[in-house]
1. Of the residues Leu71, Leu55, which single one is assigned to a strand (DSSP E or B) and either modelled with pLDDT of 90 or more or within 19 Å of Val85 (Cα to Cα) (or both)?
2. For Val48, indicate whether it is open to solvent by less than 70 Å² (accessible area, probe 1.4 Å) and modelled with pLDDT of 95 or more.
3. Counting only residues that are of a type in the set (Asp, Glu) and open to solvent by 50 Å² or more (accessible area, probe 1.4 Å), which one in segment 51-72 is nearest to Arg96 (Cα to Cα)?
4. Of all residues being free of Cβ contacts under 8 Å to residues at least 40 places away in the same chain and not in a loop (DSSP other than H, G, I, E, B) in segment 82-91, which is most open to solvent (accessible area, probe 1.4 Å)? Just the residue, please.
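The values are calculated or read from the model by the stated rules, or taken from the named source; none is laboratory data. Just so it is clear, the model here is predicted, and its values are computed rather than measured. Because the Cβ atoms are built from the backbone with ideal geometry, glycine has one as well, and the counts that use them run over all protein chains shown. Note: areas computed on protein heavy atoms with side chains; ligands, DNA, RNA excluded. Shrake-Rupley method; radii C 1.70, N 1.55, O 1.52, S 1.80 Å.
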Amino acid sequence: MNEPVPISQSLDGVVKSLRGPSRQAVSGVFGRWADAVGQQVADHVRPVKLDAGVLLVEVDEPAWATQVKFLTPTIIERLRATAGVEVDKIEVRVDRRNARGAKYD
């Protein structure tokens, strides 16, 4: 008879088979985002997708897209130090629905 397998172990297997980032990397980026980038940045910038070392973030207004591009080396280093996540590149897109300065919930 097979023993039950923890869901976290099952998810790790599924993610690995899809060649996506590890569960730890995903939880590090999404779970520790505000710790890594600071609350002011987190209020305007949110991670959307992590794939093959490329982190896609969404900003609530175009000025933050410029700011993220300027801060990219710092954000990459802070994600490494705070969340133990290796990111090679950050891509930015503007969320037009929130482009009037609304904060993310």
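1. None of the others qualify; the one that does is Leu55.
2. no
3. Glu61
4. That would be Lys89.
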